[in-house]
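Only one structure is covered here, and it is reproduced in the block below.
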Amino acid sequence: MTFTAEDRVAVTELIALHGHLFDDGQLDRLDELFTADVVYDVTDFGQPPLEGIDAIREAALAVGEANPVGHHVTNIILTETGDDRVLARSKGIGVNADGSCGSATYEDTIVRGERGWRISRRTLRARRVPLGGASK
């Protein structure tokens, strides 16, 4: 099946939905964002990968007040990799309650299923050095 302009809009809105659901504490709606068997890789943050929606919800609740108050996604690049499968790369900016912020990169595998597009794998990479560490 061809990846249409409508698909691009749907996938981009799916990626944006992440911030709204988490920031609003609507963790009971994560099935609108992820497949049931999602793998959410947070190893770059010193944690094991989270497997399944319940694990993601439990991890968010465990972080509690240390969660960012704002998750902002920008610079979304979509690459069709086959029927009903897209790779997405985007930038994330997390704003904390104290005003500090951090930058990350999301690397997503997004699949189309019976309920529409969902993230089946997300890798979160922290951005800790300018220019990706490149130097003269």
List every residue whose amide H lies under 5 Å from the amide H of R127, counting only residues 5 or more places away in sequence or on a different chain, with H placed 1.01 Å from N in the peptide plane. S103, A104, T105
Scalar couplings 3J(HN,Hα) for the stretch 22-28 by Karplus 6.51 cos²θ - 1.76 cosθ + 1.60 (θ = phi - 60°), nearest whole Hz, x for Gly and Pro, are 5, 5, 8, x, 8, 6, 6
222 nm mean residue ellipticity, helices alone, for the chain (DSSP H n ≥ 4; -39,500 (n - 2.57); rounded to 500): -7000 deg cm²/dmol
Distance cut-off 18 Å, percentage of C-alpha pairs in the stretch 1-77 lying past it: 48
Quick one: which residues, 5 or more positions from F3 or on another chain, have an amide H under 5 Å from its amide H? H modelled 1.01 Å from N in the peptide plane, none for Pro or chain starts. none
Largest first and rounded to whole Å, the semi-axes √(5λ) derived from the alpha carbon gyration tensor of the chain read 24, 19, 14
Tell me, what is the per residue accessible area of the stretch 1-76 in Å², probe radius 1.4 Å? 57
Among the stretch 42-62, those whose backbone N falls under 18 Å of a label point 7 Å along Cα→Cβ from V129 are 44-46
Size of electric dipole in the chain: Cβ of Lys, Arg +1 and of Asp, Glu -1, about Cα centre, debye, nearest 20: 700
Please state the relative contact order of the chain as a whole percent: Cα pairs under 8 Å, 6+ residues apart? 24
How much of the pair distance distribution for the stretch 75-136 lies past 17 Å, counting alpha-carbon pairs only, in percent? 52
Return the carbon/sulfur percentage of the accessible area of the chain, one whole number, probe 1.4 Å, all protein chains in place. 53
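The values are calculated or read from the model by the stated rules, or taken from the named source; none is laboratory data. Because the structure is a prediction, the values reported are computed rather than measured. No Cβ is skipped: glycine too gets one built from the backbone with ideal geometry, and neighbour counts run over all protein chains shown. Surface accessibility is based on the protein's heavy atoms, side chains included, excluding ligands, DNA and RNA. Shrake-Rupley method; radii C 1.70, N 1.55, O 1.52, S 1.80 Å.
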